[in-house]
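The structure under discussion appears below in the form of structure tokens.
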Amino acid sequence: MNIPIINIDNLQKIYKLSEEVSVHALKGVSLKVKRGEFVAIMGASGSGKSTFMNILGFLDTPTSGKYILDGIDGTSLNDNQKAEIRNRKIGFVFQGFNLLSRTPAIENVEMPLFYRGGFTHEEMKNRARKLLAMVGLSGREMHHPNELSGGEQQRVAIARALINDPAILLADEPTGNLDTKNTNEIMNVFTKLNQEYNITIVMVTHEPDVAGYADRKVVFKDGLIIDDSPIRKLKKRRT
């Protein structure tokens, strides 16, 4: 049975700004994502996509509805349990790379394992080195962020997001700070991770060309999903 890795049913989020004023950010959103899918989330500012991604990443709590991630019902967890799920089940990739500037690439990648604990120094090094190779950075392990291009820094951030072997990878405008060349390189990395390693990716982007690398597009407007459709691949994405 192909049980969805993400199962969201009638999700609502209301922000109460005052006694008289409330903002209905999500108005009954339902969505299923299969293991190994690559989904692009799109929508204008204020459409609800950021609220949706925050709930997806256990950074916010829905007002009502259900969210099940990899068999775990996230709607009834306390803050400590949510933090545990974030650490073990979700890898985050942001527009800003969020790397430690005085720390070499391999140690940036190791960091989540260091905080998680239970790994030897050699185990952390081996896993970080393997992931850096997976994203095309073999031989760059000891380079500091200022010695890497923007695209290379984002590759380090992707490797770091994968270090805990998460169930899903959440990417929030991962190419927003990159030029066209580096954008294409990063999207080829995501494509490789998805197609060759079956990694489930949910990515927010406002760029149609970037969304085109995904298998499926979900568009938000006014707190609702107004389009959920497969993306027709018109050309080979990887070179």
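Given the condition in a loop (DSSP other than H, G, I, E, B), at negative phi, exposed (fewer than 13 other Cβ atoms within 10 Å of the Cβ) and touching a residue at least 24 places away in the same chain (Cβ under 8 Å), answer yes or no: does some residue in segment 132-143 qualify? Scanning segment 132-143 turns up at least one residue that is in a loop (DSSP other than H, G, I, E, B), at negative phi, exposed (fewer than 13 other Cβ atoms within 10 Å of the Cβ) and touching a residue at least 24 places away in the same chain (Cβ under 8 Å).
When you scan segment 1-61 for strands (runs of 3 or more DSSP E) that lie fully inside it, which ones turn up with 1 or more residues that are surrounded by fewer than 20 Cβ atoms within 10 Å (Cβ to Cβ) and modelled with pLDDT of 95 or more? If you could, list the steps in order and put the result at the bottom.
Working: elements: 6-16, 22-33, 38-42.
It comes to 6-16, 22-33.
Has segment 106-116 got any residue that is at pLDDT 95 or above and either assigned to a loop (DSSP other than H, G, I, E, B) or exposed (fewer than 15 other Cβ atoms within 10 Å of the Cβ) (or both)? Checking segment 106-116: not a single residue is at pLDDT 95 or above and either assigned to a loop (DSSP other than H, G, I, E, B) or exposed (fewer than 15 other Cβ atoms within 10 Å of the Cβ) (or both). Scanning segment 86-97 for any residue that is touching a residue at least 24 places away in the same chain (Cβ under 8 Å), out of contact with any Asp or Glu (no Cβ under 7 Å at 6 or more places or on another chain) and assigned to a loop (DSSP other than H, G, I, E, B) turns up at least one such residue.
Would you point out which residue out of Arg237, Arg216, Arg232 is basic (Lys, Arg), under 30 Å from Asn10 (Cα atoms) and modelled with pLDDT under 95?
Details: Arg237 fails: under 30 Å from Asn10 (Cα atoms); Arg216 fails: modelled with pLDDT under 95.
Going through Arg237, Arg216, Arg232 in turn, the sole match is Arg232.
Figure legend. Inter-residue proximity from segment 152-179: first residues farther than 25 Å from Pro4 by Cβ and in contact (Cβ under 8 Å) with a residue 60 or more places away in the chain, second residues assigned to a loop (DSSP other than H, G, I, E, B) and small (Gly, Ala, Ser), beta-carbon distance below 8 Å, spacing 6+ or different chains. Indicated pairs: Asn177/Gly96. If you go through segment 69-82 and pick out every residue that is touching a Phe, Trp or Tyr at 6+ places or on another chain (Cβ under 9 Å), in a helix (DSSP H, G or I) and modelled with pLDDT under 90, you end up with 2.
Here Ile68 meets each of (1) surrounded by 14 or more Cβ atoms within 10 Å (Cβ to Cβ); (2) over 15 Å from Thr200 (Cβ atoms); (3) hydrophobic (A, V, I, L, M, F, W, C) with one exception, condition (2).
The values are calculated or read from the model by the stated rules, or taken from the named source; none is laboratory data. A quick note: this is a predicted structure, and the numbers were derived from the prediction, not measured. We place every Cβ from the backbone using ideal geometry, glycine too, and count neighbours over all the protein chains shown.
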